[in-house]
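Structure first, commentary second.
The values are calculated or read from the model by the stated rules, or taken from the named source; none is laboratory data. These numbers come from a predicted model, not from an experiment. Glycine gets a Cβ as well: all are built from the backbone with ideal geometry, and neighbour counts include every protein chain shown. Ligands, DNA and RNA are excluded from the accessible area calculation, which covers all protein heavy atoms including side chains. Shrake-Rupley method; radii C 1.70, N 1.55, O 1.52, S 1.80 Å.
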Amino acid sequence: MLFRSQDVAAGEQSFRKCLPCHSVGEDARNKIGPVLNGLDGRVSGTMEGYNYSEANKKAHITWGEASFKEYIQAPAAKVPGTKMAFAGIKNETEIANLWAYLKQFKADGKTQ
């Protein structure tokens, strides 16, 4: 089931959990994790300039609403061997809001 209502402002608040490792926006830089600009439609392990784990490179996940929802609930379970040491987000509303926030960033970091 895909998300119904999404709150971008709430998603921005949720993204604070991601900030230690990820960034978005026009000034985004790879950190412990890759930049998340242009995530919607991107294939896992393909952000230029980021050193992905072999597990992530081989996962071949095309990021979209459904794949993000499944992954963010338990990243290490979805991609065993990933470098992403994050327990996950279980709340479906929070996940929907986080996706709404992330998907607005185009590859250049500008919002749609």
Rounded accessible area per residue of the chain, 1.4 Å, Å²
57 Å²
Carbon-plus-sulfur fraction of the accessible area of the chain, 1.4 Å probe, in percent?
51 percent
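Can you tell me the order of 84-91, 48-55, 35-42, 9-16 when each peptide is scored by its average per-residue count of other Cβ atoms within 10 angstrom, highest first?
Per-residue Cβ counts within 10 Å, averaged per peptide and sorted highest first, yield 35-42, 9-16, 84-91, 48-55.
Please compute, over every Cα-Cα pair in segment 37-112, the percentage with a separation greater than 22 angstrom. Before the final figure, lay out the partial values.
Values: 575 of 2850 pairs.
Everything past 22 Å amounts to 20 percent.
Around CYS21, with a cut-off of 11 angstrom between Cβ atoms, what is the net charge of the other residues, counting Lys and Arg +1 and Asp and Glu -1?
Working: positive: LYS17, LYS31, LYS83; negative: none.
Residues close to CYS21 contribute a combined charge of +3.
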Residue-ordered couplings for segment 32-44, obtained by feeding phi - 60° into the Karplus form 6.51 cos²θ - 1.76 cosθ + 1.60 and rounding to whole Hz (Gly and Pro as x), are 4, x, x, 4, 9, 5, x, 5, 4, x, 7, 8, 4
A 24 angstrom limit on the alpha carbon distance is what I want to check against. Which of LYS57/LYS78; LYS17/LYS58; LYS58/LYS83; LYS58/LYS78 exceed it?
LYS17/LYS58
Kirkwood-based Rg over Rh for segment 1-90 (C-alpha set), two decimals?
0.93
